[in-house]
Amino acid sequence: MIYTKKSLAKLGIVTALALSPLAAVNITGGSAFAAVSEPLLLIENFDSLSNGSLPAGWKIAEGKAQVIDGKLVLSSPSISQPTRVIVPLDSDTGDYVFEADMTFVSAASATRWASLMYRVQNEDYPYYQFAIRKGTNALNGLEFAERTSANGWNVKETNFYPEPFEYNKTYKIKVIASKNRVQQYINNKLVIDTDQAADWLKGDIGFQANGSTVQFDNVKLTKQTQELPPVQDSAVLFPAEPETNIINPPTLISGNESSASRFLQVDPNSNGELTVNGQSLQTALNAVKNKQIPVLKIENEGLNEQLIDALEATQTTDIHIVSSNPAIVKSITEAYPTARGGLIYTKASLNKHDLEQLSFDVHSSNGKTAIIPQKLLTKDVVHYLHSRMVSVWGQGADSKDAAHALIHLGVDGILSDNPDYTAEALGEYPENTIVQRPIVAAHRGVPSLAPENTMAGYRLAYELGADMIETDIQRTKDGHLIIMHDNSVNRTTNGTGNVHDLTLEEIRQLDAGIKYSQDFAGEKVPTFKEFLQEFKGKDVVLLVELKDTGIEEQVIQEIEEENMANQVVLQSFYLDSMVISNKLKPEIPVGFLYSAGVPKTESAKLYNARIMTEYGTENRVTLNASYGSTYKEFFTYMRQRGMLSMHWTFRAQDPFSDKLNEGLIGPITDYTQWLTESPISLETPIKKRNLKVGHSANIQAKAFVDYRTQKTDNIESELFLTEQSDVVQIDGNTIKALKPGVAQVFIKHTFTMLGQEWNIVSEPIEVTVSE
Ligand code: G3P
Ligand code: CA
């Protein structure tokens with residue numbers, strides 16, 4: 001299935017600009033206005049203007065602007081004091097190409113911005129603008145916005161640029177406007193492509209700064225003589241998956257057409273050209289385009305240039321690059337940032353040390369996925385990698401039984417030469433079947449049972465069986481890392497004041513338990529070190545949120561001092577903080593915390609999922625959105641692309657079960673106990689059973705309820721058949737043999753979690769009936 005949405009993808013759209021030679025235009029020290037019929041409407045480099053002046057006819061609508069050293073400089077100290085310069089045009093048009101060089105000199109914060117204004121009415125407002133924040137890498141770093149007739153903002157489209165703009169670095173900004181169509185570019189990369197510019201079709205141009213000081217230079221306005229093509233309906237690929245009742249089923253990857261992803265092994269031929277099964281790579285990419293997600297296996301070094309040529313020529317951005325060599329994955333994903341990475345595990349065995357190294361290698365090569373042969377996979381392996389944000393693709397499923405076994409392990413993807421076995425197996429489960437245990441992160445410990453962010457709460461989380469323990473880090477006045485959610489200690493302790501204004505000594509005097517209950521009196525505010533040391537070597541991962549910026553190096557240093565890079569996942573609302581952390585210690589997974597609206601339509605949801613996946617991929621972060629920002633298509637889209645994520649903060653049962661049904665894997669919750677009391681797996685005592693016609697057998701399952709203790713409980717279960725059988729008859733836990741043949745019998749356990757019924761199912765038991 002292919003959904004489409006107006007897209008930013010077609011970066012190569014070229015507009016035929018009928019530029020006349022500049023020599024034909026009157027270029028003076030001031031502005032040069034060409035006749036309406038001339039394609040060049042204005043050109044200005046400010047070089048011959050004196051400091052403090054403005055080009056003739058340009059007007060300051062508000063704030064402070066002047067030419068300084070051959071550049072137009074706009075200064076705005078704050079949001080409430082913007083600066084706007086309007087350039088009235090002689091020509092009565094709105095179809096133009098507006099170009100300028102832009103340089104941030106300073107900004108009050110990363111959210112402050114500058115803009116090119118266009119189709120300005122009344123030399124004031126309404127108008128449209130291409131706004132560019134200093135922090136261009138924020139989700140709304142770039143905007144197509146309207147200043148409305150009511151003098152308010154209507155932000156119609158947003159996007160991000162892969163990196164934040166640097167101070168004193170010049171970027172080429174361009175707007176192409178034609179009728180209702182507008183394209184906005186940075187350094188020739190198309191970043192906004194819209195058809196929502198129908199309200200104002202003509203008007204002047206201008207420049208604006210908001211909480212920033214910005215230089216503009218080399219301004220050029222050219223008439224746009226040709227219409228822009230319709231907004232590209234670029235495909236958002238959402239391949240259909242097999243029908244199944246499993247709520248979070250694995251995606252399929254194979255070398256043939258019947259899977260969501262297409263595995264393509266890339267080899268250079270004798271001429272050094274890249275091929276897939278003898279075809280050129282371009283041909284292979286075009287063949288799967290808009291049908292399957294390409295997964296390229298690359299084992300040769302030095303192919304980057306040719307590979308990127310093929311990806312660009314086929315406009316392939318939604319792609320997975322996998323290799324057994326981490327250096328290859330790293331160099332390709334660095335050179336081609338929208339590519340997602342995966343590592344193929346090739347050793348004959350997989351012990352604890354291998355597993356740790358594999359997780360490190362996946363992350364430090366910019367990957368998110370590990371491909372592991374079925375024979376090396378266990379539930380513990382999947383669990384280890386999942387809780388370190390590595391998505392697991394099992395390779396095998398070469399029979400239907402093997403497919404069931406792999407599904408049963410809770411993998412995120414199945415790579416198989418015979419995907420039809422998996423497709424068939426997936427169709428055989430009862431409603432609401434869970435095969436993948438959610439990774440439960442205990443939010444600030446277990447605040448529903450113990451004071452938040454205290455050692456008592458963390459220990460309880462561990463005892464309850466949390467997979468991860470979430471916590472919030474800040475730095476004290478005297479430079480120590482401590483754990484506290486709020487900026488101040490007022491809410492959770494018996495003291496007052498901001499963490500930044502208190503010393504460690506002062507904070508350690510406080511009681512962090514007494515306000516919660518007398519039973520917890522005496523609990524201290526933990527240091528980060530204390531928290532690390534408590535769980536060092538235990539089977540739990542620490543989900544560490546950096547509440548401050550500028551502490552990244554110290555956080556990582558303390559983790560390294562405890563040799564715990566293998567036990568920590570970092571996250572933050574500050575993207576830059578995670579980018580810095582990732583550079584400092586690429587082995588540690590990092591997550592970006594954010595909230596966003598959920599689009600209304602199916603195609604808008606998929607488009608949003610695509611943009612977010614690109615955002616996570618390009619910034620090397622997992623997308624740890626608030627749960628209200630998530631939706632079923634988001635989970636499925638990400639799962640198909642080998643990306644895990646954690647979502648917060650579950651404090652009520654209904655949204656919790658709803659999100660699990662939609663495919664949530666990583667809940668962050670105040671109520672760890674709601675999930676950890678539930679069974680996680682159902683094991684059968686036998687895999688095969690022979691029976692004579694007329695005889696019966698009784699079969700009971702055991703359920704593992706906790707990974708740490710490997711405790712098993714005898715639980716209530718029932719047998720079931722996936723299809724009508726005349727070989728056996730099922731009654732409760734009894735199989736009765738009817739006639740010679742073979743039947744697949746499953747065991748099912750139904751339990752209640754979050755106020756809803758769920759099933760876990762065993763691998764099938766093969767029952768052979770003979771005379
Ligand atoms: O784990 C993410 C979540 O903790 C973010 O929100 O305010 O509880 O830190 P907050
Ligand atoms: Ca937090």
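Looking at (1) more than 30 Å from ASP380 (Cα to Cα); (2) not in a strand (DSSP E or B), can you tell me which one PRO685 breaks? Here PRO685 clears every test but (1). In the stretch 374-409, the residue that is farthest from the chain's Cα centre (by Cα) out of those that are without any contact (Cβ under 8 Å) to a residue 40 or more places away in the chain and assigned to a loop (DSSP other than H, G, I, E, B) is SER399. Annotation: THR503 fulfils all but one of (1) away from ligand 1 (no atom under 16 Å from the Cβ); (2) in contact (Cβ under 8 Å) with a residue 12 or more places away in the chain; (3) surrounded by 14 or more Cβ atoms within 10 Å (Cβ to Cβ); the unmet one is (3).
For the stretch 258-279, taking the residues that are under 27 Å from the mean Cα position of the chain (by Cα) and not aliphatic (A, V, I, L, M), the one that is nearest to GLU299 (Cα to Cα) is identified as GLN265. For the condition out of contact with any Cys (no Cβ under 7 Å at 6 or more places or on another chain), of a type in the set (Lys, Arg) and touching a residue at least 60 places away in the same chain (Cβ under 8 Å), LYS692 qualifies.
Does VAL489 satisfy the condition of being modelled with pLDDT of 95 or more, surrounded by 14 or more Cβ atoms within 10 Å (Cβ to Cβ) and within 20 Å of GLY457 (Cα to Cα)? Taking the combined requirement at face value, the residue satisfies it.
If you go through the stretch 640-655 and keep only what is away from ligand 2 (no atom under 16 Å from the Cβ) and either part of a loop (DSSP other than H, G, I, E, B) or surrounded by 23 or more Cβ atoms within 10 Å (Cβ to Cβ) (or both), you end up with GLN640, ARG641, GLY642, MET643, LEU644, ALA652.
Restricting the stretch 64-91 to residues that are more than 17 Å from ILE205 (Cβ to Cβ) and small (Gly, Ala, Ser) leaves a set whose member that is surrounded by the most Cβ atoms within 10 Å (Cβ to Cβ) is SER76. In this entry, GLU452 passes the filter for residues that are acidic (Asp, Glu), over 20 Å from GLY537 (Cα atoms) and in contact (Cβ under 8 Å) with a residue 40 or more places away in the chain.
No other residue among SER603, SER581 is among the hydroxyl-bearing types (Ser, Thr, Tyr) and either more than 16 Å from ligand 2 (Cβ to nearest atom) or in contact with a Phe, Trp or Tyr (Cβ under 7 Å, 6 or more places away or on another chain) (or both) apart from SER603. Just one residue in the set THR503, THR433 is in contact with a Lys or Arg (Cβ under 9 Å, 6 or more places away or on another chain), modelled with pLDDT under 95 and either more than 14 Å from ligand 2 (Cβ to nearest atom) or among the aromatic types (Phe, Trp, Tyr) (or both); that residue is THR433. Can you find, within the stretch 666-678, the residue that is farthest from ligand 2 (Cβ to nearest atom) among those that are modelled with pLDDT of 95 or more and outside any helix (DSSP H, G or I)? Checking each candidate, the answer is TYR671. Of the residues in the stretch 530-542, at least one is of a type in the set (A, V, I, L, M), more than 16 Å from ligand 1 (Cβ to nearest atom) and either modelled with pLDDT under 95 or crowded, with 19+ Cβ neighbours inside 10 Å (or both).
Scanning for something more than 16 Å from THR476 (Cα to Cα), in a helix (DSSP H, G or I) and either under 20 Å from the mean Cα position of the chain (by Cα) or at pLDDT below 95 (or both), does the stretch 508-528 turn up at least one residue? No, there is no match, as no residue in the stretch 508-528 is more than 16 Å from THR476 (Cα to Cα), in a helix (DSSP H, G or I) and either under 20 Å from the mean Cα position of the chain (by Cα) or at pLDDT below 95 (or both).
Have a look at ILE483, ILE559 and point out the one that is within 16 Å of ligand 2 (Cβ to nearest atom) and either under 19 Å from ASN582 (Cα atoms) or in contact (Cβ under 8 Å) with a residue 40 or more places away in the chain (or both). The conditions single out ILE483.
Scanning the stretch 625-639 for residues that are more than 16 Å from ligand 2 (Cβ to nearest atom) and among the hydrophobic types (A, V, I, L, M, F, W, C) returns PHE634, PHE635, MET638.
Of all the listed residues (ILE715, ILE730), the sole one being among the β-branched types (Val, Ile, Thr), surrounded by 11 or more Cβ atoms within 10 Å (Cβ to Cβ), closer than 22 Å to ILE407 by Cβ and modelled with pLDDT of 90 or more is ILE730. Just one of the listed residues (LEU570, LEU623, LEU606) is within 16 Å of ligand 1 (Cβ to nearest atom), more than 10 Å from the chain's Cα centre (by Cα) and surrounded by 21 or more Cβ atoms within 10 Å (Cβ to Cβ), namely LEU570. Condition first: buried (at least 18 other Cβ atoms within 10 Å of the Cβ), out of contact with any His (no Cβ under 6 Å at 6 or more places or on another chain) and closer than 24 Å to TRP58 by Cα. Can you find one or more residues in the stretch 186-201 that meet it? Yes, because at least one residue in the stretch 186-201 is buried (at least 18 other Cβ atoms within 10 Å of the Cβ), out of contact with any His (no Cβ under 6 Å at 6 or more places or on another chain) and closer than 24 Å to TRP58 by Cα.
The values are calculated or read from the model by the stated rules, or taken from the named source; none is laboratory data. All values derive from a computational prediction rather than experimental measurement. Cβ atoms come from the backbone with ideal geometry, glycine included; neighbour counts cover every protein chain shown.
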